[in-house]
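To keep things clear, I will list the structure first and then write my remarks on it.
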Amino acid sequence: MPFTAKAFAAVASHLQCTSLPCSALPCPPLPSPPIRVPAKPIMYRVCTLLVAMTWMPAWVVADEARSSTADEAYFESKIRPLLVEHCYQCHAATAKTIHGGLRLDSADAIQQGGDSGPVLVAHEPEQSLLIKTVRYDGDIQMPPDGKLGDIEIGHLIQWVRRGAVIPSSTVSTDLPVGRIDIDEGRKFWSFQQVHRQPLPTVTKSDWPQTRTDTFILAAMERNGLTPSPPTDRSTLIRRLSFDLTGLPPSPEQVRRFVADDSPDAVGRLVDQLLDSPQYGEKWGRWWLDMARYTDRTASWLYQSSNAHLYRDWVVDAFNRDMPYDDFVRRQLATDLMAETGPEDLPALGFLSLSPTYWKELKLPCEIIKVIVADEWEERVDAVSRTFMGLTVACARCHDHKFDPISSEDYYALAGIFASCRQVERPTISDEQYAPVRAAKQAIEKLESEIAKLKEQKPVSQENIDKLNDEIALVKSSTPYFDTPMANALAEESMFVVRAGKTPEEGTKLEYRQTPRDLPAFIRGNPNRPGPIVPRRFLKVLSDSESQYQNGSGRLELADSITSDAASLTARVLVNRIWLAHFGKGIVDTPSNFGTQGDRPTHPELLDDLAANFIANGWSIKKLHREILLSATWQQSSSTAPHQQTIDPNNRWLSRMNPRQLTFEEWRDAILVGSDDLVCSLGGPSEDLDADDNHRRTLYATVHRRDMSPTMMIHDFPDPTQHSPKRYSTITALQGLYALNGPLLLKQSQVLGDRIRAAVRDAPSQIENTYWMLFSRPPSQSELQIGLDFLSSGDPAEQPARLQQYLHVLLASNELMFVD
């Protein structure tokens with residue numbers, strides 16, 4: 001049933017910041033004169049959106065850093081290599097003569113322009129001299145030795161249209177090849193060994209509950225701040241429950257926790273939530289963002305029906321508190337580890353579910369080589385950013401412009417991924433699978449015979465039925481026939497070669513059993529091979545230059561990440577967990593710990609946590625406990641005036657940061673509130689928008705090339721690339737979905753049926769609703785607003801009015817945010 005203006009007006013307060021104290025946010029004053037709510041539903045909805053947008057808290061608007069980071073990545077991957085190859089010979093500090101007074105090797109130089117004036121007008125490619133020049137539109141035509149290709153010109157136009165973003169840097173010249181100073185690079189903070197740090201001296205010595213608190217308090221005191229008081233118990237259990245399980249607590253859990261005044265009540269609750277199966281589901285989804293997880297991909301690419309095995313493996317690994325170093329090693333090379341078996345092969349989904357690109361073999365092999373090289377680049381990027389917080393892929397075309405990572409380092413890693421192939425493998429032993437393989441070959445022959453029979457006229461249905469019976473018999477009589485096939489890897493190298501003697505004859509892909517070392521492609525072009533680079537680890541993180549000899553080198557790479565680079569790997573993971581709990585990392589660029597990344601706000605704390613993380617056996621659950629039992633994390637989110645003045649962005653954590661729920665948490669909370677959530681673990685994915693899909697959103701189908709519109713408008717990460725953190729937005733489309741979408745409409749009806757079945761009187765209905773949705777009782781004013789709305793009008797309309805009332809509560813800020 002559609003909303004009415006009266007329904008909205010009755011509970012309009014819930015579309016404002018009901019879950020956030022007004023003192024916490026710099027909200028603008030209410031409009032004057034007050035906005036009048038039009039009577040017509042469509043006008044009401046427009047007005048609702050305008051009101052919501054007018055009162056929008058500034059801190060929940062889309063983070064501009066997302067677009068900035070993406071634009072910088074676009075420059076590094078598409079524009080800088082182009083400039084290096086075609087322009088630097090005449091327009092860089094290393095050129096013998098700088099032509100036209102124009103340099104293109106630093107942000108300042110590009111912005112300054114040359115003798116002919118500025119070369120760029122941001123967002124206006126048609127007005128930019130650079131674009132006119134490469135198009136050969138005027139008197140100046142560059143590069144002088146031939147016009148760029150259409151694709152390259154298109155990259156430049158797109159770059160200018162996006163704002164011509166250029167990463168700022170104090171480095172204005174290219175480092176000559178081979179001149180990276182590795183010893184100097186190792187002095188950078190993130191490449192240092194972690195050590196347990198001495199506790200700083202603080203004056204408010206009775207406040208810290210953990211080592212973490214002492215470091216945080218010392219930073220507060222240096223900046224003239226004091227901690228906020230602890231949050232109330234009902235808010236704390238709601239915060240804990242969402243942070244660890246992604247679900248709200250039940251009313252019974254809240255009442256029991258609030259009444260428990262024992263000193264270890266919080267610790268016991270944390271342990272209970274960590275032991276819950278829902279913990280693995282919540283944190284498994286957190287990891288899948290970085291792993292580019294997908295259930296399906298484009299129809300023209302190979303499809304796997306068992307991608308969910310990797311998702312379920314990740315969930316189980318978190319629930320078992322698998323040591324993080326082992327977690328890393330298994331995802332890169334569990335098939336090469338003696339201590340793991342075929343049942344662990346789904347772990348390889350991190351690599352085997354990587355994005356792949358269509359290879360049209362009718363095209364010349366020179367084109368296909370570029371496509372394959374792009375896939376290798378994606379693997380290097382995902383592995384280096386996820387596990388080490390380094391942008392190694394930036395060194396494909398040239399030495400890294402900012403970090404001590406050479407082009408040779410890049411190709412040393414790329415050779416590892418060039419030496420393995422994405423395949424499906426059974427989750428049982430080879431001996432057990434041998435009869436299954438034979439049975440499938442027999443079935444393939446029978447199906448071929450059936451296809452031939454169907455082409456004959458007339459069709460012999462009797463013979464077809466006999467063959468189908470044979471197929472059914474083979475399946476039923478073969479043990480383990482239905483064993484799932486995991487997305488895994490094989491130790492095979494891919495070579496792209498000509499199918500014939502000329503390019504016109506197309507391309508052939510050859511797979512060979514031996515690993516391969518790649519040449520360093522000149523300017524990243526696989527058709528211009530340079531010297532061969534042996535497979536090895538990054539020089540800046542390794543004391544030796546020993547080459548990888550064990551097959552592709554995946555296991556040796558995993559060992560290097562968790563041994564040679566253990567300090568960096570631990571820092572990156574600890575920072576990711578911290579970011580998930582506080583909404584902001586100690587390093588706010590979680591996948592870039594290089595020189596272009598942010599510096600840590602609390603470097604000693606990060607080192608101390610990382611050192612303890614390693615000492616505690618790389619246990620993620622112990623890390624959760626250290627953070628969640630701290631007085632820092634248990635602070636109230638209310639903001640005192642002096643805190644807002646001194647530290648408006650809460651850099652020093654003198655209060656807790658409220659956070660917006662992810663789409664998965666929000667949808668799951670709605671299903672919990674209406675008692676409609678199915679909590680079964682694992683299994684194949686389901687269509688998110690299917691009417692009968694009541695499972696956790698973790699199990700909704702993720703399609704890499706055809707994302708669900710519902711997911712897209714709710715900030716779901718792009719599964720085609722590594723996503724270091726979630727970005728929260730508030731948009732008109734989200735508001736329209738909440739008001740008119742099928743989810744809230746259906747669940748408000750289901751919740752209404754549940755409420756009416758439990759109690760009949762309006763006060764009890766309102767009381768139960770608030771406990772189910774917000775883990776608290778209603779205030780007196782909230783109770784009165786609800787009573788006024790539900791008791792007015794024709795009694796026969798009471799069920800419809802209750803549904804409208806519940807719909808507004810389900811769309812309220814209090815359900816979308818954790819305080």
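The values are calculated or read from the model by the stated rules, or taken from the named source; none is laboratory data. All figures in this text were calculated on a predicted structure; none of them were measured in a lab. Cβ coordinates were reconstructed from backbone atoms using ideal geometry, including for glycine residues, and neighbour counts include every protein chain displayed. To get the accessible areas, we keep the full protein, side chains included, count just its heavy atoms, and leave off ligands, DNA and RNA. Shrake-Rupley method; radii C 1.70, N 1.55, O 1.52, S 1.80 Å.
Surface composition of the range 466-624: carbon plus sulfur atoms contribute 49% of the solvent-accessible area (1.4 Å probe, protein chains only, all chains present).
In this simple spin-label approximation, ASP543 and PHE188 carry label points 7 Å from Cα along the Cα→Cβ vector, and these lie 2.2 nm apart.
Which value does Rg/Rh take for the range 233-351 over its C-alpha atoms, Rh per Kirkwood?
Values: Rg = 18.0 Å, Rh = 16.3 Å.
Ratio value, two decimals: 1.11.
The calculated FRET efficiency for the pair ALA499 and LYS622, based on their C-beta separation and a Förster distance of 56 Å, comes to about 0.50. Each peptide in 736-746, 417-427, 157-167 gets a packing score, the mean of other Cβ atoms within 10 Å over its residues, and the list from highest to lowest is 417-427, 157-167, 736-746.
Seen from ALA486, the other residues with C-beta closer than 13 Å to its C-beta sum to a net charge of -2, counting Lys and Arg as +1 and Asp and Glu as -1. Which of LYS204/LYS622; LYS440/LYS475; LYS452/LYS508 have a Cα-Cα distance over 18 Å? Where the Cα-Cα span goes over 18 Å, the pairs concerned are LYS204/LYS622; LYS452/LYS508. The stretch between LYS452 and ALA107 holds 117.6 nm of extra length on full extension. This uses 0.36 nm per residue minus the Cα-Cα distance. Note on the range 364-474: the alpha carbon radius of gyration divided by the globular reference 2.2 N^0.38 Å gives 1.85. Computing FRET efficiency as 1/(1 + (r/R0)^6) for ASP260 and GLN158, where r is the C-beta to C-beta distance and R0 is 41 Å, gives about 0.10. In the complete set of protein chains, residue-level accessible area for SER429 is approximately 30 Å², probe 1.4 angstrom.
Note on LYS539: lysines with a C-alpha under 20 Å away, same-chain residues under 8 apart excluded, are LYS187, LYS401.
Just to be sure I understand the curve: with the Debye formula and one point per C-alpha of the range 740-783, what is log10 I(q)/I(0) at q = 0.16, 0.21, 0.23 Å⁻¹? Taken in order of the listed q values, log10 I(q)/I(0) reads -0.45, -0.72, -0.82. Scaling the Cα radius of gyration of the range 165-320 by the globular reference 2.2 N^0.38 Å produces a ratio of 1.57.
Starting from the alpha-carbon convex hull of the range 460-538, give the projected area averaged over all orientations, in nm². Don't skip to the end; give the middle numbers.
Values: hull surface 46.4 nm².
Spelled out: convex hull of the Cα atoms, projected over all directions, averaged, 11.6 nm².
With the charge dipole of the range 144-272 set up from +1 on Lys and Arg Cβ and -1 on Asp and Glu Cβ about the Cα centre, the Cα lying farthest toward the positive end among the listed residues GLN197, SER262, GLY154 is that of SER262.
Rolling a 1.4 Å probe over the protein heavy atoms gives the chain an accessible area of 44 Å² per residue. I'd like to know which of GLN331, ALA640, PRO600 lies farthest towards the positive end of the charge dipole of the chain, counting +1 on Cβ of Lys and Arg and -1 on Cβ of Asp and Glu. The residue sitting most towards the positive pole is ALA640.
Using bins of 10 Å that start at zero, the share of Cα-Cα pairs per bin across the chain amounts to 2, 11, 19, 22, 20, 15, 8, 3, 0, 0, in whole %.
In the chain, Cα pairs under 8 Å separated by at least six residues give a relative contact order of 19 percent.
A simple spin-label model places the labels of ASP232 and ALA690 4.2 nm from each other, with each point 7 Å out along Cα-to-Cβ. Measuring how big the range 612-759 is from its alpha-carbon positions, Rg and Dmax come out at 19.4, 54 Å.
Stretching the chain fully between MET337 and LEU301 yields a gain of 10.0 nm (0.36 nm per residue, less the alpha carbon separation).
Bridging of LYS132 to aspartates and glutamates at a Cα separation below 17 Å is possible for ASP115, GLU124, ASP145, ASP150, GLU152, once same-chain residues fewer than 8 apart are set aside. Its Kirkwood hydrodynamic radius, worked out from the mean inverse distance over all distinct Cα pairs, puts the range 405-525 at 18.7 Å.
Only protein heavy atoms count here; on that basis, with a 1.4 Å probe, SER792 has an accessible area of about 30 Å².
Taking the mean number of other Cβ atoms within 10 Å as a proxy for protection, how do you rank 361-374, 805-818 from highest to lowest? Could the numbers behind the result be given before it?
Numbers: 361-374: 16.7, 805-818: 22.6.
So the order, starting with the most tightly packed, is 805-818, 361-374.
Mind checking which aspartates and glutamates have their C-alpha under 12 Å from LYS466, skipping anything on the same chain fewer than 8 residues away? The reachable aspartates and glutamates, counting only those whose Cα sits under 12 Å from LYS466, are GLU447, GLU449.
Measuring only protein heavy atoms, the 1.4 Å probe finds GLU604 accessible over about 90 Å².
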